[in-house]
Amino acid sequence: MDFTLTIEQEMLRQSARKFLNTNFTSDYVREMWENTQGYEPEMWTKIADLGWMGLTIPEEYGGLGLTFRDLGVILHEMGRVVMPGPFFSTVVLATELIKMAGSEAQRSNLLEKIASGKLIATVALYEEEVEWGADGIKLSATKNGESYSLLGTKLFVPDAHCADLIIVAARTQKHVDVNEGISLFLVDPQAEGVKIERLPTMDHGRKQCAVSFLNTTVSSNEILGEVGKGWIILEKMLTRANIALGLEMLGGGEKVLEIATEYSKVRVQFGQPIGSYQAIKHKCAEMLLQVESSRSIAEYAAWTVDGNPHEESKSASLAKTYVGNMYRKAAAATLQILGGIGFSWEHDIHLYYKRALASEAMFGDTVFHLEHLASQWD
């Protein structure tokens, strides 16, 4: 199978790399790490003007109507610069849910705002026990006439502190089957009873929050999809989120390999570059093998979204497991090759290593995805 980029995709890749390298420099990324919001509205507007927010949004809702693989080209380049900000939570998590489950009115209203950069959105899914499946959703939604009352707390909600909309997964009914009785609510973060608190995490470039709901009232009109059928949609969205994360991690792994090889060419010990020594050669060769293998796996997973949906779930778990493992190992190996300079705050490798560790744990760890993969294999 040929995953060579089309002429249009190659142009998209080149323009994305130029924009990201110019605007998301190491200094800027570090500045956003310390920024309480984690992004700048001016930069968000620039990204929206490029059309990236609406890349996979249908044209009738103000988007470009491109494929998930086209979005993957952008995500790959974003991974190379460990891009901070709410792009992933808005464009991958929330947008996919709205596209899949939203009514015509909801799609028209919300997707047009996302595509134009006027709406930042996120998804509140995990809770205190951090179960990766439907059994982890325990936040209650009690019906009161024509509205629902939300009670409970969500953890590790990405970018909730700066979101204009939070899509909340809650239980509207209790069933013997834990996959049933889950509904999705469109919640205004400024609504009464909503409390948002930033969480201290390893990767400051992707802010995480705890969001508490104290009898927060949500209208029945603000339900996304069918009542009690939310997990089916969530599961499909999480599949695509893992594919997207795999493509982003591929870009990060590719970049840390470049950092390692460049350093091994210029760092001299005992009169010659350290890259001439077998130990360094073997590390770099192993990293290259893993990066290129990850490329095939991640790009195949992206292709299945539009090309072979029956393989989408399997390929997502495979990509998340293999590429996540590659990124963590590549960042750790690069840290070793760099030696003492790699352990300093001034070097960028720690930005990649922390993003690798955080990304590997998002949306299901290795054990979860291997078990999921085994259960799906014929």
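The values are calculated or read from the model by the stated rules, or taken from the named source; none is laboratory data. It should be emphasised that the depicted structure is a prediction, and the values quoted were computed from it without experimental measurement. As a convention, Cβ positions derive from the backbone with ideal geometry for all residues, glycine included, and neighbour counts pool all protein chains shown. Heads up: the accessible areas ignore ligands, DNA and RNA and are worked out on the full protein's heavy atoms, side chains in. Shrake-Rupley method; radii C 1.70, N 1.55, O 1.52, S 1.80 Å.
So how far apart, in nm, are the two label points at A105 and V266 if each is 7 Å from Cα heading toward Cβ?
Each label point lies 7 Å from its Cα, and together they span 5.9 nm.
Could you work out how far the C-alpha centroid of segment 87-140 sits from that of segment 306-344, in angstrom?
25 Å
Here are several values of Rg and Dmax of the Cα atoms in Å: (i) 21.0, 69; (ii) 21.0, 80; (iii) 20.4, 62. Which one was derived from the coordinates shown?
It is the one labelled (ii).
Once the cut-off is 26 Å, how many percent of the Cα-Cα pairs in segment 48-203 end up in the long-distance tail?
Across segment 48-203, Cα pairs with separations above 26 Å total 31 percent.
7 Å from Cα along Cα→Cβ at both S26 and K118: what's the point-to-point distance in nm?
So the label points at S26 and K118 sit 4.0 nm apart.
Write down the accessible area per residue of segment 62-109 in Å², having rolled a 1.4 Å probe over the full set of protein chains.
23 Å²
Can you give the charge dipole size of the chain about its Cα centre, rounded to the nearest 20 debye, using +1 on the beta carbon of Lys and Arg and -1 on the beta carbon of Asp and Glu?
820 debye
Computed FRET efficiency, Cβ-Cβ of E346 and S296, R0 45 Å: what is it to the nearest 0.05? Provide the component values of the computation, followed by the final result.
On the way: r = 35 Å, r/R0 = 0.77.
Rounded to the nearest 0.05, the efficiency is 0.80.
Collect residues whose amide H, placed 1.01 Å from N in the peptide plane, falls under 5 Å from the amide H of L224; neighbours closer than 5 in sequence don't count.
HN-HN under 5 Å from L224: L184, F185, L186.
Just the accessible area per residue of segment 257-378, please: how many Å² with a 1.4 Å probe?
Computed with neighbouring chains in place, this is 50 Å² per residue.
Spin-label point model (7 Å from Cα, Cβ direction): what's the N308 to A374 distance in nm?
Each label point is offset 7 Å from its Cα along the Cβ direction, giving 2.4 nm.
What FRET efficiency do you get for E197 and Q14 if R0 is 30 Å and r is their Cβ-Cβ distance, rounded to the nearest 0.05?
Once the sixth-power term is evaluated, E becomes 0.15.
When all alpha-carbon pairs of segment 270-378 are counted, what percent fall beyond 17 Å?
62 percent
Bins of 5 Å, beginning at zero and ending with the bin holding the largest distance: percent of Cα pairs per bin for segment 111-243, please.
2, 11, 20, 25, 22, 14, 6, 1, 0
Segment 41-76 to segment 156-192: how many Å between their Cα centroids?
Using only Cα atoms, the two centres lie 25 Å from each other.
Before anything else, pin down the relative contact order of the chain: Cα pairs under 8 Å, at least 6 apart, normalised by residue count, whole percent.
The value is 15 percent.
Nearest 0.05, what FRET efficiency do D49 and L357 give at R0 = 35 Å with Cβ-Cβ as r?
Efficiency computed from Cβ-Cβ geometry: 0.60.
Mean residue ellipticity at 222 nm from the helices of the chain, using -39,500 (n - 2.57) per DSSP H segment of n ≥ 4 over the full residue count, to the nearest 500 deg cm²/dmol? Don't jump to the answer; show the numbers that get you there.
Numbers: 11 runs with 177 residues, N = 378.
Theoretical 222 nm ellipticity from helices: -15500 deg cm²/dmol.
What is the percent carbon and sulfur in the accessible area of the chain, measuring with a 1.4 Å probe over the protein chains and ignoring ligands?
On the chain, the fraction of accessible area on carbon and sulfur atoms equals 54 percent.
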